[in-house]
Amino acid sequence: MAEDPKAYELPAAGGAAERYKQTYPELAPREIDRLRRFGVIKQYPEGTRLFEAGKITCGMFVVLQGHVCISQRDGLGRVTPVVEQGPAQFLAEVSQLSGRAALVDGYAEDDVEVLAIPAENTVICCSSGGSG
């Protein structure tokens, strides 16, 4: 029995496309504008590392332009891509938000502009509720 080639075009069972949007959401322009007061604009040329596993870095990045590749390394130095984040998406993990070392690497895939929000400000901006 031949497989239907169109079957590969359908979203995976369980709403994988919707789950991706929940896991890697995009911020609305008004949400990004609210965050601007907590951070500074930084630019990274293509190939530049924004953060590295095992090192403490900025608490949170909001991508304004360009794309950032998130990858992980194993003990043998093999690199595995995890996800690519683009404009209106944010980069943050619990360790980075709490001022601890990153668990993954983040590289600029092209020229990137981000809003960098230090860990001490992520507590303020992320818990400010609707007052902003």
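Values computed for the structure shown
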item	result
For Ser95: the one exception among (1) loosely packed, with under 15 Cβ neighbours inside 10 Å; (2) in a helix (DSSP H, G or I); (3) modelled with pLDDT under 85	(1)
The range 100-115: number of residues that are open to solvent by less than 20 Å² (accessible area, probe 1.4 Å), modelled with pLDDT of 90 or more and closer than 16 Å to Glu52 by Cβ	5
Selection count, the range 38-53, where residues are loosely packed, with under 15 Cβ neighbours inside 10 Å and either without any contact (Cβ under 8 Å) to a residue 40 or more places away in the chain or acidic (Asp, Glu) (or both)	1
Residue tally, condition at pLDDT below 95, open to solvent by less than 30 Å² (accessible area, probe 1.4 Å) and assigned to a strand (DSSP E or B), over the range 54-69	2
Test: Gln72 is among the polar types (S, T, N, Q), at pLDDT 95 or above, more than 12 Å from the chain's Cα centre (by Cα) and assigned to a strand (DSSP E or B)	no
Residue satisfying all of: in the range 19-53; part of a strand (DSSP E or B) and aliphatic (A, V, I, L, M); farthest from Ala108 (Cα to Cα) among these	Val40
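The values are calculated or read from the model by the stated rules, or taken from the named source; none is laboratory data. Remember, it's a predicted structure, so these values are computed and weren't measured experimentally. Note that each Cβ is placed from the backbone with ideal geometry, even for glycine, and that neighbours are counted across all protein chains shown. To get the accessible areas, we keep the full protein, side chains included, count just its heavy atoms, and leave off ligands, DNA and RNA. Shrake-Rupley method; radii C 1.70, N 1.55, O 1.52, S 1.80 Å.
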